[in-house]
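Every read-out reported here was derived from the displayed coordinates using simple, explicitly stated rules and does not represent laboratory data. Not measured: the values here are computed from a predicted model. All Cβ positions, glycine included, derive from the backbone under ideal geometry; neighbour counts span all protein chains shown.
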Amino acid sequence: MSQVALRLQVEAEANTTWLAQIVRAQRDGRSCLPKHLGLDAAQYAGLLARHGLQPAVRRANYRLLDERDALREELLALRQEEWQALHDLLLAGQDDLGEPALAAIVAAACLGSEHLWRDLGLDSRAQLRALLMYNFPHLARRNTQDMRWKKFFYKQLCEQGGGYVCRAPSCDTCPTYHDCFGEEQ
């Protein structure tokens, strides 16, 4: 088996595992993602089909979960321009072997208020790093100082001249340095 074919197989399996976890976490209310993870219904169905996944079954309290999903969809719509900038940044950091739908999912999770790994419903920051290195290696490798991922993405947007303002001319002089580089709880 060629190196490229082996990498494709490993990444497809890894993405399927991560996506199954993300779908379950969304359905169980353990992520900030809307019902279709930031994708439209057709993209969501296609993603599940490509990875052999079934939509996770909700266990209880359908009405509250539907209300939560509606609020998250509304938030995504209100912050569409921000989502698009993050989505484009992620896609630009992807190679030919990454899962394109993950750019939309990660961008949607960036709009949440927790650490990115929690907003995705992953188990740890290390798991998030592996997902990002698999799918967005050109972008993820630029995080050489192990900055928190959301902060890193917004800093990248700022450096591209976007409307996202960094608080200091360099991280070393920033008064909120520990918000970007401190321990995650």
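Brief remarks follow.
- Peptides 102-111, 148-157 ordered by average Cβ neighbours within 10 Å, highest first: 102-111, 148-157
- Take the Cα of residue 81, step 7 Å toward its Cβ, do the same at residue 63, and the gap between the two points is 3.8 nm.
- Residue-wise HN-Hα couplings along segment 25-35, as the Karplus relation 6.51 cos²θ - 1.76 cosθ + 1.60 with θ = phi - 60° gives them from phi, are 4, 4, 5, 8, x, 9, 9, 9, 6, x, 3 Hz; Gly and Pro carry x.
- Among 74-84, 112-122, sorting by the average number of other beta carbon atoms lying within 10 angstrom of each residue, highest first, gives 112-122, 74-84.
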